[in-house]
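Chemist: Starting off with a structure, shown below.
The values are calculated or read from the model by the stated rules, or taken from the named source; none is laboratory data. Since the model is a prediction, treat every value here as computed from it, not as a measurement. Glycine gets a Cβ as well: all are built from the backbone with ideal geometry, and neighbour counts include every protein chain shown. Only protein heavy atoms, including side chains, enter the accessible area calculation; ligands, DNA and RNA are left aside. Shrake-Rupley method; radii C 1.70, N 1.55, O 1.52, S 1.80 Å.
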Amino acid sequence: MRLVIADCSVDYEGRLRAHLPAARRLLLVKADGSVLVHSDGGSYKPLNWMSPPARLHVGEPEAELAAEGVVQTWTVQAAKSDDRLVIQLFEIHEDVSHELGVDPGLVKDGVEADLQRLLAEQIHLLGAGHTLVRREYPTAIGPVDILARDAAGATVAVELKRRGDIDGVEQLTRYLELLNRDPLLAPVRGVYAAQLIKPQARVLAEDRGIACLTLDYDGMRGVDDSDARLF
């Protein structure tokens with residue numbers, strides 16, 4: 001990753017046009033080709049950026065720009081569109097590069113993993129007579145959190161989230177479409193389980209015939225303090 005602190009102006013050209021006047025900013029150039037422009041305040045989000053795939057060309061400024069004090073011109077061209085980010089650098093204060101290596105990815109706080117383990121151990125929470133088939137049931141588009149069978153022997157696919165939103169419903173819908181093509185599993189019904197399910201997600205799930213299950217994480221862990229309850 002390359003980090004450059006410079007006095008610069010920024011112009012975005014393409015489907016829309018945007019201009020940042022000259023100011024001191026942080027420029028991030030990542031190995032994946034993305035370039036991000038950050039300020040020291042306002043938000044964690046960049047002021048402007050170019051997503052990969054993109055190509056960065058560093059060149060000499062035109063004579064007119066050089067006369068105005070520009071020392072470098074960065075042109076970041078998107079590979080799949082006409083979008084272009086043009087950065088005029090007036091003064092470079094820092095320019096360092098670091099090899100970060102392969103990132104292991106986001107490690108969640110363990111709640112979703114714990115929910116999966118606990119629900120597998122307490123599969124009766126899905127309903128009387130349910131039995132566990134397996135956790136992380138593999139499919140061509142990713143693993144289903146829990147695959148189970150109900151009291152009648154029908155297949156149940158469970159998607160687990162800490163906070164259930166619409167994206168999770170869409171994810172489970174894709175799993176169900178795929179699983180129901182397997183004659184050994186079909187028909188497969190879905191259960192969307194989370195500590196909190198947003199109202200829009202619940203409406204969408206129920207409209208698609210997916211059951212919603214709200215999980216009491218503390219109760220499942222056996223740390224629910226019943227003496228502290230008002231009711």
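Chemist: Taking interchain pairs and intrachain pairs at least six residues apart, which have beta carbon atoms under 9 angstrom, with the first residue in region 58-80 and among the polar types (S, T, N, Q) and the second part of a helix (DSSP H, G or I)?
Modeler: THR73/LEU65
Chemist: How many of the residues in region 3-22 are aliphatic (A, V, I, L, M) and on the phi > 0 side of the Ramachandran plot? I'd like the intermediate steps shown before the answer.
Modeler: Applying the first criterion (aliphatic (A, V, I, L, M)) to region 3-22 yields 3-6, 10, 16, 18, 20, 22.
Remaining after also requiring on the phi > 0 side of the Ramachandran plot: none.
Total meeting the criteria: 0.
Chemist: Condition first: more than 27 Å from the chain's Cα centre (by Cα), open to solvent by 30 Å² or more (accessible area, probe 1.4 Å) and of a type in the set (Asp, Glu). Can you find one or more residues in region 178-188 that meet it?
Modeler: Yes: one or more hits.
Chemist: A follow-up question, please. Given the conditions (1) in contact (Cβ under 8 Å) with a residue 24 or more places away in the chain; (2) surrounded by 12 or more Cβ atoms within 10 Å (Cβ to Cβ), which single one is not true for TYR137?
Modeler: Status for TYR137: all satisfied but (1).
Chemist: Show the residue pairs that are 6+ apart or on different chains and have beta-carbon atoms under 8 Å apart, the first residue being within region 148-169 and in contact (Cβ under 8 Å) with a residue 24 or more places away in the chain, the second being among the acidic types (Asp, Glu) and surrounded by fewer than 17 Cβ atoms within 10 Å (Cβ to Cβ).
Modeler: Every condition considered, the pairs that remain are VAL156/ASP150; LEU160/GLU112; LYS161/GLU112; ARG162/GLU112.
Chemist: What are the residues in region 49-64 that are closer than 14 Å to VAL76 by Cα and of a type in the set (A, V, I, L, M), if any?
Modeler: MET50, ALA54, LEU56, VAL58 - these are the residues of region 49-64 that are closer than 14 Å to VAL76 by Cα and of a type in the set (A, V, I, L, M).
Chemist: Let me ask you something else. Looking at region 140-150 only, could you name the residues that are open to solvent by 40 Å² or more (accessible area, probe 1.4 Å) and either among the β-branched types (Val, Ile, Thr) or modelled with pLDDT under 95 (or both)?
Modeler: As a first pass, look at region 140-150 and keep what is open to solvent by 40 Å² or more (accessible area, probe 1.4 Å): 140-141, 143, 149.
ALA140, ILE141, PRO143 - these are the residues of region 140-150 that are open to solvent by 40 Å² or more (accessible area, probe 1.4 Å) and either among the β-branched types (Val, Ile, Thr) or modelled with pLDDT under 95 (or both).
Chemist: Please go through region 178-210 and give me each residue that is under 12 Å from ARG163 (Cβ atoms) and hydrophobic (A, V, I, L, M, F, W, C), ordered by number.
Modeler: ALA193, ALA194, LEU196, ILE197, ALA201, listed by residue number.
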